[in-house]
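The numbers here are math on the coordinates, done by the rules we state, and not lab data. If you're wondering where the values come from, they're calculated on a predicted model, not measured in any experiment. Glycine gets a Cβ as well: all are built from the backbone with ideal geometry, and neighbour counts include every protein chain shown.
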Amino acid sequence: MPRTKTAVVKLPPPDTNRWTERGKAAVVAAVSSGMITIDEVCRRYALSVEEFLSWRNTIQRHGVQSLQTTKLQNYRYSRPKTS
């Protein structure tokens, strides 16, 4: 019988105040793998659902490297102009 690999993600400590791109990516990966729920993440890290979703959406659109603070600001403010 084939064995399936389960992704084990090392989460940052609950008292994390300063987020790195790797820490944010780990939290997003943990939720995506079902290891923890969005609600649990938001409680554990005192995040809003909107903040978590912004991390997830940024990773989906631009990759993990886009979570660096300066790059995140650039992506947020470089929205396409509408006519």
The extension gain from E50 to S32, computed as 0.36 nm times the residue separation minus the Cα-Cα distance, is 4.9 nm
Share of pairwise Cα separations in the stretch 21-71, more than 15 Å, in percent: 38
Ranked by Cβ crowding within 10 angstrom, fewest neighbours first, how are L53, L11, L47, L67 ordered? L53, L11, L47, L67
